[in-house]
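The values are calculated or read from the model by the stated rules, or taken from the named source; none is laboratory data. Since the model is a prediction, treat every value here as computed from it, not as a measurement. Neighbour counts run over all protein chains shown; Cβ positions are idealised from the backbone, glycine included.
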Amino acid sequence: DVKVTQSSRYLVKRTGEKVFLECVQDMDHENMFWYRQDPGLGLRLIYFSYDVKMKEKGDIPEGYSVSREKKERFSLILESASTNQTSMYLCASSLGSGRPNQPQHFGDGTRLSIL
Amino acid sequence: AQKITQTQPGMFVQEKEAVTLDCTYDTSDQSYGLFWYKQPSSGEMIFLIYQGSYDEQNATEGRYSLNFQKARKSANLVISASQLGDSAMYFCAMRVDGGFKTIFGAGTRLFVKA
């Protein structure tokens, strides 16, 4: 079974702090994704990566950056946290784009509160 | 632009009855896949079922089936014989073949009553 592990289930930080959310997958997946989930809005894509050191902006990248130095690890960085970044953050991974029926596999999520 | 619409914010169903969760989608691409995920209160997203746009048969996985009507651009999830453990948030999603991005709907919260 694919395992996607997010470093924290709950996190509380202060406005202006630099925040790191870590995600590790153990199935050698090429693609990794960061989403934020807010009530009534579903999941919105922040950034994704299709290979080591490669990254692409999603729909809401402002205020975030990412890092993928190793295939199994994808980090989301809030450069200067703000209260409107309080949300649930979900990491996902999947096999390469040549496999259309492959679902994404998700971590348990990190509920981040910015005070 | 691609879009997924789930018009039912919340649904109630009696235990052991069947329930249909609605999903409509919008895309100009001809080749795409549709997915349903379940999110229990614990937070983890669980993949349930997949339907390819060229699949002629509706997908089924155990108690889950997908009522795919391509001309109407709908991909409704049918859960048969509902169980208390089916209470969760359900998301419909779409990905264009060859693409990386998956588009999610806003979700439907299902409550199963004993």
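Computed quantities for the displayed model
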read-out	value
Scan of the range A:67-95 for residues that are in a strand (DSSP E or B) and among the acidic types (Asp, Glu), ordered by number	A:Glu69
Selected residue [within 14 Å of chain A (Cβ to nearest Cβ), touching a residue at least 12 places away in the same chain (Cβ under 8 Å) and not β-branched (Val, Ile, Thr)] from B:Ala18, B:Ala88	B:Ala88
Meets criteria (out of contact with any Phe, Trp or Tyr (no Cβ under 7 Å at 6 or more places or on another chain) and either at pLDDT 95 or above or acidic (Asp, Glu) (or both)) for B:Ala18	yes
Selection status of A:Ser67, among the hydroxyl-bearing types (Ser, Thr, Tyr) and in contact with a Pro (Cβ under 8 Å, 6 or more places away or on another chain)	no
Qualifying residue in the range B:4-13 (condition: free of Cβ contacts under 8 Å to residues at least 24 places away in the same chain, over 10 Å from the mean Cα position of the chain (by Cα), surrounded by 14 or more Cβ atoms within 10 Å (Cβ to Cβ) and within 30 Å of A:Leu112 (Cα to Cα))	no
Total residues in the range B:75-85, condition more than 25 Å from B:Lys3 (Cβ to Cβ) and either within 14 Å of chain A (Cβ to nearest Cβ) or among the aliphatic types (A, V, I, L, M) (or both)	2
Identity of the residue in the range A:91-115, surrounded by 15 or more Cβ atoms within 10 Å (Cβ to Cβ) and either aromatic (Phe, Trp, Tyr) or without any contact (Cβ under 8 Å) to a residue 60 or more places away in the chain (or both), that ends up farthest from B:Ile46 (Cα to Cα)	A:Pro100
Among residues of the range B:47-74, those that are more than 14 Å from every other protein chain (Cβ to nearest Cβ), under 10 Å from the mean Cα position of the chain (by Cα) and among the aliphatic types (A, V, I, L, M), counted	0
From the options A:Lys57, A:Lys71, A:Lys13, A:Lys53, residue that is more than 10 Å from the chain's Cα centre (by Cα) and under 17 Å from A:Gln104 (Cα atoms)	A:Lys71
Flag for B:Glu44 being in a loop (DSSP other than H, G, I, E, B), at pLDDT 95 or above and either more than 12 Å from the chain's Cα centre (by Cα) or more than 19 Å from A:Arg44 (Cα to Cα) (or both)	no
Residues of the range A:45-66 satisfying the condition of being surrounded by fewer than 16 Cβ atoms within 10 Å (Cβ to Cβ), part of a strand (DSSP E or B) and within 11 Å of another protein chain (Cβ to nearest Cβ)	A:Glu56, A:Lys57
Condition met for A:Gly40 (in a loop (DSSP other than H, G, I, E, B), at pLDDT 95 or above and at positive phi)	no
Residues within the range B:27-39 that are modelled with pLDDT under 95 and either within 13 Å of chain A (Cβ to nearest Cβ) or assigned to a strand (DSSP E or B) (or both), tallied	5
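Conditions tested, residue by residue: (1) touching a residue at least 40 places away in the same chain (Cβ under 8 Å); (2) in contact with a strand residue (DSSP E or B) (Cβ under 8 Å, 6 or more places away or on another chain); (3) within 14 Å of chain B (Cβ to nearest Cβ).
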{"site": "A:Leu41", "(1), (2), (3)": "no, no, yes"}
{"site": "A:Arg68", "(1), (2), (3)": "no, yes, yes"}
{"site": "A:Glu72", "(1), (2), (3)": "yes, yes, no"}
{"site": "A:Ser80", "(1), (2), (3)": "yes, no, no"}
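The rows are residues; the columns are (1) in contact with a Gly (Cβ under 9 Å, 6 or more places away or on another chain); (2) in a loop (DSSP other than H, G, I, E, B); (3) closer than 30 Å to A:Ser8 by Cβ; (4) polar (S, T, N, Q).
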{"site": "B:Gln57", "(1), (2), (3), (4)": "no, yes, no, yes"}
{"site": "B:Leu66", "(1), (2), (3), (4)": "no, no, no, no"}
{"site": "B:Ser82", "(1), (2), (3), (4)": "no, yes, no, yes"}
{"site": "B:Cys92", "(1), (2), (3), (4)": "yes, no, yes, no"}
